[in-house]
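Here the structure comes first, spelled out in structure tokens, and everything after it is commentary.
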Amino acid sequence: MPNADLHSHSIVSDGQLTPSELMRRAHARGVTLMSLTDHDDVGGLDEARTVAAECGMAFVNGVEISVSWESVTLHLVGLRIDPRHPALTAGLRAIRDGRTQRARRIAAGLDRVGIEGSLEGAYAHAGNPNLIGRTHFARFLVDSGHASSLREVFRRFLTSGKPGHVEHQWAEFDQAMQWILASGGVPVLAHPGRYPIGDARMRTLLGIFKDLGGVGIEVMTGSHRPDQFTSFAAHARRYGLLASRGADFHGPNEGPYDLGELPPLPHDLKPVWHDWPEAREIGLAA
Ligand code: AMP
Ligand code: MN
Ligand code: MN
Ligand code: MN
């Protein structure tokens, strides 16, 4: 089985490393099948692909798309997408524009509790002026001494009921699925264990995801607790979904797993890469 890491972030979204640094780190840690899945932007993929090839590491294009479903924000990972597909690029551009608007409202909320300059501060932490997110606000709030960790910032400032929290409308679920599928990509539901929904709504969600053309779910992800590795493996079996693995790496010393470090997928699950030429080329297909 390859050491696959199919969910990671660079400075093109809210990661800390450049796409080149990320690929070299993945290779050095033993990853053999890699993807870069920045939030709502594909601008790092050409660089990542070039450096992955230099390292002799298999690489597939990726993106993590922000979606609103009912009252819940979902993340869809699109793997093996065509980053130049017009519907996909237009959709992602609209999401990034929405992020820019949202950032002003987040900053206004922080202003009201006496935290000034957060918009400029967040942009100073963003590697890509067209992709602003809560992580950039969080890094500013830690740097300026308002909290001691990203986790604390989210809890005290950026989540529901807190001063920097704003409601936001992301892409429509069915449209984002269409962008991925139209561009030739494989839709994977990211870190399903992170959504604040109970069992019944999770079953509804997985059913809708499949009906919309969904193919895989993340089972082994840095966003799951170990008990969720087991429960979402069971969901993959029950719904006939392929399984994916990725650390959701954002940077050294952030998050519980480094690149390539998660436990392997359970052997009876069919991996999302089982029929990929990228995996077969280097003798890695299941
Ligand atoms: P956004 O898409 O701009 O709303 O930001 C979401 C990002 O914030 C996620 O992709 C994570 O990188 C980060 N994030 C969310 N919750 C937390 C948390 N509790 N601690 C640290 N980072 C978080
Ligand atoms: Mn992130
Ligand atoms: Mn995510
Ligand atoms: Mn992610």
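Just a few scattered comments:
- Any hit, segment 115-128, residues being in contact with a Leu (Cβ under 7 Å, 6 or more places away or on another chain) and among the hydroxyl-bearing types (Ser, Thr, Tyr): yes
- The residue of segment 24-40 that is farthest from ligand 4 (Cβ to nearest atom), among those that are of a type outside the set (S, T, N, Q), under 16 Å from the mean Cα position of the chain (by Cα) and buried (at least 24 other Cβ atoms within 10 Å of the Cβ), is Met34.
- Taken over segment 175-228, the criterion of being part of a helix (DSSP H, G or I) and of a type in the set (Gly, Ala, Ser) is satisfied by Ala176, Ala182, Gly193, Ala200, Gly207.
- Output for segment 145-174, where each listed residue is part of a helix (DSSP H, G or I), more than 16 Å from ligand 4 (Cβ to nearest atom) and more than 20 Å from Arg105 (Cβ to Cβ): Glu152, Phe173, Asp174
- Test for Arg194: is it touching a Phe, Trp or Tyr at 6+ places or on another chain (Cβ under 9 Å), surrounded by fewer than 23 Cβ atoms within 10 Å (Cβ to Cβ) and charged (D, E, K, R): no
- Residue within segment 115-128 that is within 16 Å of ligand 2 (Cβ to nearest atom), buried (at least 20 other Cβ atoms within 10 Å of the Cβ), at pLDDT 95 or above and assigned to a helix (DSSP H, G or I) present: yes
- Any hit, segment 5-22, residues being assigned to a helix (DSSP H, G or I), acidic (Asp, Glu) and either in contact with a helix residue (DSSP H, G or I) (Cβ under 7 Å, 6 or more places away or on another chain) or at pLDDT 95 or above (or both): yes
The values are calculated or read from the model by the stated rules, or taken from the named source; none is laboratory data. Remember, predicted model here, so these are calculated numbers, not experimental data. Cβ sites come from the backbone with ideal geometry, for glycine too, and all protein chains shown count toward neighbours.
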